[in-house]
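What follows is a set of notes on a single structure, which appears directly below.
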Amino acid sequence: MGTLIHIASREIGTREIVGAQHNPRIVNYAKEAGFTYVNDDETPWCSFFMNWVAQKAQLESTGKGNARSWLNVGIPVVNPEPGDVVIFWRESPNSYKGHVGVFMGYSQDHSRIYTLGGNQNNQVGETAYSTSQLLGFRRLRPVKKKTLSTRVLRRGDTGVEVVDLQDALKLCGFQPGTSDGDFGPKTEAALRLFQSTKSHIAIDGVFNRATRKEIIKQLSKL
């Protein structure tokens, strides 16, 4: 298991083969993701690749080959972070055509969106797409139930347990910043805001037993 960015990045440079031959790696993305009918590298494969990456990361996927299907999964986000899913339209906003990939960031003037994905210039790579073609962003949820540390966590703590807390807060609709494993002021502020929605727990920005219980309860409703 790894993040969408890490998994997709390892595939950068995988390219279609011109002519009658087909890159077996691209065909394998489709087959491992459940598209067993695909035997070539010419069928539009951005969604095949996104399904493959999401499944490797143990996150929800669409099981569909059309890019716009990704508008129906995950949590809609307005302020995306690297690692969220981004969906674009192709040819027309009202057509069925689209493209899907992993959001990497905006250009300085916000006119372009840097996207890591498959079938970008016939390969896995990073490409800038016009912001005018944006349909939406989605944050994928884990397929398996989220586990949270039983240890008390507070500002200054670091590590995987903090990453899990940050991811859980995001899924609950609170914004701790990038899931970097650093329990800093943004994570503390997000945790305080979550605690403030529960009348029976202290608003102290500390991840303790009572707060853990409430976060798990909230996640179970998603």
Legend entry - Rel. contact order, % - alpha carbon contacts under 8 angstrom, at least six apart, region 96-144: 25 percent
Inset, instruction - Could you give the spread of the C-alpha atoms of region 120-209 along their three principal axes, from largest to smallest, in whole angstroms? - result: 52, 26, 25
Legend entry - Lys, Arg +1 and Asp, Glu -1 on Cβ, resulting dipole of region 151-208 about Cα centre, debye, nearest 20: 220 debye
Legend entry - Reachable lysines from residue 31, criterion Cα separation under 17 angstrom, eight or more residues apart if same chain: 56, 64
Legend entry - 3J(HN,Hα) from dihedral phi, region 38-48, Karplus parametrisation 6.51/-1.76/1.60, rounded to Hz, x for glycine, proline: 7, 10, 9, 10, 9, 4, x, 10, 4, 6, 4
Legend entry - Whether region 52-105 is rounded, prolate or oblate, judged on the alpha carbon gyration tensor where a/c under 1.5 counts as rounded: oblate
Inset, instruction - Kindly write out, for region 164-170 in residue order, the coupling ³J(HN,Hα) from the Karplus curve 6.51 cos²θ - 1.76 cosθ + 1.60 (θ = phi - 60°), rounded to whole Hz, with x marking Gly and Pro. - result: 4, 5, 4, 4, 5, 4, 4
Inset, instruction - Be a star and scan region 114-140 for residues whose amide nitrogen sits under 19 Å from the point 7 Å along the Cα-to-Cβ vector of residue 107. - result: 114-117, 120-121, 125-136
Inset, instruction - Compute the longest continuous run of the chain that contains no exposed chymotrypsin sites (Phe, Trp or Tyr not before Pro); treat a site as exposed when its DSSP state is not H, G, I, E or B and it has at most 12 other Cβ atoms within 10 Å. - result: 97-222
Inset, instruction - Note down the relative contact order for region 77-222 as a percent, whole number, built from C-alpha pairs under 8 angstrom at least six residues apart. - result: 17 percent
Inset, instruction - Would you calculate a helix-derived [θ] at 222 nm for the chain, using -39,500 (n - 2.57) for each DSSP H run of n ≥ 4 and dividing by the full residue count, to the nearest 500? - result: -8000 deg cm²/dmol
Inset, instruction - Would you kindly derive the ³J(HN,Hα) couplings of region 136-143 from the backbone phi angles with the Karplus curve 6.51 cos²θ - 1.76 cosθ + 1.60 (θ = phi - 60°), listing them in order in whole Hz, with x for Gly and Pro? - result: x, 10, 9, 10, 7, 9, x, 6
Inset, instruction - Grab the beta carbon distance between residue 178 and residue 202, set R0 = 35 Å, and tell me the FRET efficiency rounded to 0.05. - result: 0.85
Inset, instruction - Using label points projected 7 Å from each Cα along Cα→Cβ, tell me how many nm separate residue 186 and residue 220, to one decimal. - result: 3.1 nm
Inset, instruction - List every residue whose amide H lies under 5 Å from the amide H of residue 14, counting only residues 5 or more places away in sequence or on a different chain, with H placed 1.01 Å from N in the peptide plane. - result: 124
Inset, instruction - Output the direction-averaged projected area (hull surface divided by four) of the convex hull of the alpha-carbon atoms of the chain, in nm². - result: 13.3 nm²
Inset, instruction - In nm, give the distance between the simple-model label positions of residue 37 and residue 79, each being 7 Å from the Cα along the Cα-to-Cβ direction. - result: 4.3 nm
Legend entry - Sites residue 128 and residue 210, calculated FRET efficiency, Cβ-Cβ separation with R0 45 Å, nearest 0.05: 0.50
Inset, instruction - Over 20 Å between C-alpha atoms is what I'm after, so list which of 144/186; 170/198; 144/170; 145/217; 144/198 land there. - result: 144/186; 144/198
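Only the coordinates and a few stated rules stand behind these numbers; no lab work does. Not measured: the values here are computed from a predicted model. As a convention, Cβ positions derive from the backbone with ideal geometry for all residues, glycine included, and neighbour counts pool all protein chains shown.
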